[in-house]
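The values are calculated or read from the model by the stated rules, or taken from the named source; none is laboratory data. From a predicted model like this one, the values you see are computed outputs, not experimental measurements. Cβ placement follows ideal geometry from the backbone for every residue including glycine, while neighbour counts extend to all protein chains displayed. Each accessible area value is taken on the protein alone, full model and side chains, heavy atoms only, with ligands, DNA and RNA left out. Shrake-Rupley method; radii C 1.70, N 1.55, O 1.52, S 1.80 Å.
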Amino acid sequence: MTTELGSSTGTAMAAAVPVRMKHVFLRLLNTCNLECAHCYASCGPSAREALTLETVLRLVGELPELRPETVHLEGGEALMFRGFWELLDALNDHGISPAITSNGLAVTQKTIDRLKGRVSRLTFSIDGPTAFTHDKIRRRIGSFDKVTEAARMSVAAGIPTHMISVVWRETVRQVAQTVALAEELGVDRLLLFSCGVIGAAVQNEAELRVDPQTWVEYLWEVKELAVGRPWIWYELDRVPRGNLPDFLPVDYQPVCTRRKRESIIIDPNGDVYPCGYFIPTGQSLGNVHNASLRELVQREQTGERFSGACRDPWSLETGMVELCKLVSINSETPTVGARP
């Protein structure tokens, strides 16, 4: 990955980085009960990489020093982590109510009852508005019915519930139906992400990739749908350079820069990354077994963007800019603006 405005090869500590994280993602394990076509970490039933409970409990003790706004438990399937409930107890004892992302397969009413009041939110991955689209990319018939049932149980229990939907070739023209599904489920937030070509998606690119013209049409459509629906958040990703003024909010701020790092990802091997796109290349900030979290989050990373707009090789070829920025149009926004 290359940077928009240059890079640095230094590995020295970046003293200007404040230790105040918005998000800390704990990827507990790569084991999963699904083997999805677009999984950026290539998780699946045969994957065995996992943090030990001992390591995770030690990290929980270090988290308060980073003062994270949100601690995310992810996988693989986070609920399959051996010692999950002990981990949740430890987080709660430190005053942390984590956010959990799940594919819904392991969620029962008993699970919901045990999580209620102990988590900040549950996020369910639903990749498309129908069983056909979701089950196809998830490689499991019946997974759509399970995850939508889990989302309904979570909403009914009063747990803040989010829905993540990856936009790919089968669903890029179905965004209105995806919004309708989120409304029908009653979730608090819909997050729409582009399908990154990393991990398992590299082998499935022909099935997943959206062509540039269709993607721009999607961006216009979701922008219009988001007016009056501030609960819709969508990723500003792969935006044509000439269309940046059409999509960038006036208050846009770069994310994940070296001097303003907002999040870190801790993978099942203990490696720490500033962004998921660095995981396939192994460009970590270091490992939790060799340094404290406070030290790791202040290290510089070669290739980390300064401007909040990085460009992968595909983007360079198509003239698009990788912004990697989730935005929501405020409900007070008067108009969307005319298309060029």
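Of note:
- Residue that is nearest to GLY228 (Cα to Cα), among those in segment 155-168 that are in a loop (DSSP other than H, G, I, E, B) and in contact with a strand residue (DSSP E or B) (Cβ under 7 Å, 6 or more places away or on another chain): PRO160
- Residues of segment 174-187 that turn out to be part of a loop (DSSP other than H, G, I, E, B) and surrounded by 14 or more Cβ atoms within 10 Å (Cβ to Cβ), as a count: 2
- Complete set of residues in segment 96-133 that are over 16 Å from the mean Cα position of the chain (by Cα) and charged (D, E, K, R): LYS110, ASP113, ARG114, LYS116, ARG118
- Condition check for THR171: assigned to a helix (DSSP H, G or I) and polar (S, T, N, Q): no
- Any pair with Cβ under 6 angstrom, 6 or more apart, that starts in segment 172-191 at a residue that is closer than 17 Å to PRO230 by Cβ and among the charged types (D, E, K, R) and ends at one that is open to solvent by 20 Å² or more (accessible area, probe 1.4 Å) and in a loop (DSSP other than H, G, I, E, B): ASP188/PRO160; ARG189/TRP231
This table checks each residue for (1) in contact with a His (Cβ under 8 Å, 6 or more places away or on another chain); (2) of a type in the set (A, V, I, L, M, F, W, C); (3) modelled with pLDDT under 80.
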{"residue": "LYS223", "(1), (2), (3)": "no, no, no"}
{"residue": "ARG241", "(1), (2), (3)": "no, no, yes"}
{"residue": "LYS260", "(1), (2), (3)": "no, no, yes"}
{"residue": "ILE266", "(1), (2), (3)": "no, yes, no"}
{"residue": "VAL272", "(1), (2), (3)": "no, yes, no"}
{"residue": "ILE279", "(1), (2), (3)": "no, yes, yes"}
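- Residue list for segment 1-54, restricted to those being at pLDDT 65 or above, over 18 Å from the mean Cα position of the chain (by Cα) and assigned to a loop (DSSP other than H, G, I, E, B): VAL19, ARG20, ASN33, PRO45, SER46, ALA47, ARG48, GLU49, LEU51, THR52
- Against the conditions (1) modelled with pLDDT under 55; (2) part of a loop (DSSP other than H, G, I, E, B), GLN253 satisfies every one except (1).
- Of the residues making up segment 201-221, just one is surrounded by fewer than 19 Cβ atoms within 10 Å (Cβ to Cβ), hydrophobic (A, V, I, L, M, F, W, C) and under 20 Å from the mean Cα position of the chain (by Cα), namely VAL202.
- Segment 71-86 - residue that is of a type in the set (Asp, Glu) and open to solvent by 10 Å² or more (accessible area, probe 1.4 Å) and, of those, nearest to VAL179 (Cα to Cα): GLU74
- Restricting segment 24-63 to residues that are under 28 Å from ASN92 (Cα atoms) and small (Gly, Ala, Ser) leaves a set whose member that is least open to solvent (accessible area, probe 1.4 Å) is ALA41.
- Tally, over segment 203-237, of residues that are touching a residue at least 60 places away in the same chain (Cβ under 8 Å) and either aliphatic (A, V, I, L, M) or touching a Ser or Thr at 6+ places or on another chain (Cβ under 6 Å) (or both): 11
- If only residues of segment 181-200 that are modelled with pLDDT of 90 or more and small (Gly, Ala, Ser) are counted, the one that is farthest from HIS162 (Cα to Cα) is ALA200.
- Residue tally, condition part of a strand (DSSP E or B), open to solvent by 10 Å² or more (accessible area, probe 1.4 Å) and of a type in the set (A, V, I, L, M, F, W, C), over segment 261-280: 1
- Residue that is least open to solvent (accessible area, probe 1.4 Å) [pool: residues in segment 87-139 that are among the basic types (Lys, Arg), under 24 Å from TYR40 (Cβ atoms) and not in a loop (DSSP other than H, G, I, E, B)]: ARG138
- Going through (1) hydrophobic (A, V, I, L, M, F, W, C); (2) free of Cβ contacts under 8 Å to residues at least 60 places away in the same chain; (3) within 30 Å of ASP211 (Cα to Cα) one by one, ALA157 falls short only on (3).
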